[in-house]
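Step one of this worksheet: look at the structure below.
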Amino acid sequence: MKMKSYTLRESITLNGIGLHTGVKTNITLNPAPLNSGIFFNRTDKSVIIPAKWNSVVSTKFSTNIASNGTEVKTVEHLLSALAGLHINNCEVLIDNIEVPILDGSSKVYVENILKKGLKEQDSEQNILEITKPVKFLCNYGYAELFPNSPIDEGLNINLESSFDGKYEDQDIKIRNLNGNYIESISKARTFGFFQEIEYLKSQNLIKGGSLDNAIVIKDKKPLNKDGLRYENELMRHKVLDVVGDLYLSGYPIIGTYKGFKTGHFITNNLLKELFKSEENYKIHKIN
């Protein structure tokens, strides 16, 4: 399996509101040359922010990156779409502080990119292969990355969750995400619990949230009139977030991610652990 570098065939412009800030934002995904990576260009501030783990400034309810005090919030769903489609070079023009939430999943990004098409570039992608287990543990959960077993390829994600009685506890195992992201993950929407809405509002969050862009669970059932898109949509959305947050490594990852009650904070700290030592990984082309 070889993995070519990819960018977009042509530019794509979308707009919408931010989930947490409620601001209206225009976003344009532009083709970018080889070795550009993924980067955000805050056009209203003329600041470039690389989509990298060490640009992350906050992980409270979303993944937010910044450079020189200029921030872009809630980057995880867009990055998840780019990772799922193997796009490793892309400029994201954005004219406000938060990436549009759209329908709460990465589906709108994925469909628009596929409609315009990908452009194969003249070089293979570097991938990051996990060579030693790394773990990050905090008082409520943990995540670890470890080398794949001989029968596994690509990125594998095993998550367990506990929703503390607000929803039935679930686990999910997705094997080789590199092959089945679009069908099994991209349509899963962000979610929240009815009894937490007041708290989130008091924290100045979810100003743009609604049943159009989030699943809201009350009494263990979705309030959304059309129900769920997948039986285990909440867990699939957690996988979608992990894929986006891991892409801040700057590479597609070959290895297995396992976690309990994971979120943006845990995944970002896991990447910090990973990059503490070059013994933990190998960066190479797949041949």
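Key figures
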{"quantity": "Yes/no for ILE215 being within 15 Å of GLU233 (Cβ to Cβ), assigned by TED's automatic domain parsing to the domain that holds TYR257 and in contact with a Pro (Cβ under 6 Å, 6 or more places away or on another chain)", "calculated": "yes"}
{"quantity": "Residue satisfying condition, being of a type outside the set (A, V, I, L, M, F, W, C), more than 28 Å from ILE157 (Cβ to Cβ) and touching a residue at least 12 places away in the same chain (Cβ under 8 Å), within set ASN89, ASN96", "calculated": "ASN96"}
{"quantity": "Sole exception among (1) crowded, with 16+ Cβ neighbours inside 10 Å; (2) out of contact with any Asp or Glu (no Cβ under 9 Å at 6 or more places or on another chain); (3) farther than 19 Å from LEU248 by Cα for GLU111, by number", "calculated": "(1)"}
{"quantity": "Those residues of segment 1-38 which are charged (D, E, K, R) and more than 13 Å from ILE113 (Cβ to Cβ), in sequence order", "calculated": "LYS2, LYS4, LYS24"}
{"quantity": "Extreme residue, modelled with the lowest pLDDT, among residues of segment 1-28 that are hydrophobic (A, V, I, L, M, F, W, C) and assigned to a loop (DSSP other than H, G, I, E, B)", "calculated": "MET1"}
{"quantity": "Residue satisfying all of: in segment 173-215; aliphatic (A, V, I, L, M), in contact with a strand residue (DSSP E or B) (Cβ under 8 Å, 6 or more places away or on another chain) and crowded, with 18+ Cβ neighbours inside 10 Å; nearest to TYR251 (Cα to Cα) among these", "calculated": "LEU177"}
{"quantity": "Subset of segment 29-55 that is assigned to a strand (DSSP E or B) and touching a Cys at 6+ places or on another chain (Cβ under 9 Å) - its residue that is surrounded by the most Cβ atoms within 10 Å (Cβ to Cβ)", "calculated": "LEU29"}
{"quantity": "Test result for GLU111, farther than 25 Å from SER162 by Cβ and assigned to a helix (DSSP H, G or I)", "calculated": "yes"}
{"quantity": "Pair list, Cβ < 9 Å and 6+ apart or interchain, from segment 57-68 residues that are aliphatic (A, V, I, L, M) to residues that are in a loop (DSSP other than H, G, I, E, B)", "calculated": "ILE65/ALA51; ILE65/LYS52; ILE65/VAL75"}
{"quantity": "Filtered residue count, segment 56-85, keeping only those that are surrounded by fewer than 19 Cβ atoms within 10 Å (Cβ to Cβ), touching a strand residue (DSSP E or B) at 6+ places or on another chain (Cβ under 6 Å) and closer than 18 Å to ASN269 by Cα", "calculated": "3"}
{"quantity": "Single residue of segment 123-160 satisfying the filter (in a strand (DSSP E or B), under 21 Å from the mean Cα position of the chain (by Cα) and among the charged types (D, E, K, R)) that is surrounded by the most Cβ atoms within 10 Å (Cβ to Cβ)", "calculated": "GLU144"}
{"quantity": "Filter pass, GLU120 being acidic (Asp, Glu), outside the structural domain of LYS221 (by TED's automatic domain parsing) and outside any loop (DSSP other than H, G, I, E, B)", "calculated": "yes"}
{"quantity": "Hits in segment 172-219 - residues which are in a loop (DSSP other than H, G, I, E, B), of a type outside the set (D, E, K, R) and in contact with a helix residue (DSSP H, G or I) (Cβ under 7 Å, 6 or more places away or on another chain)", "calculated": "ILE185, SER186, ALA188, THR190, ILE206"}
{"quantity": "Pairs where the first residue, in segment 13-35, is in contact (Cβ under 8 Å) with a residue 12 or more places away in the chain and the second is loosely packed, with under 15 Cβ neighbours inside 10 Å and in a strand (DSSP E or B), C-beta under 6 Å, 6+ apart", "calculated": "ILE17/LYS24; ASN26/ASN15; THR28/THR13; LEU34/SER123"}
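The values are calculated or read from the model by the stated rules, or taken from the named source; none is laboratory data. For clarity, every value in this text was computed on a predicted model and none was experimentally measured. Note that each Cβ is placed from the backbone with ideal geometry, even for glycine, and that neighbours are counted across all protein chains shown.
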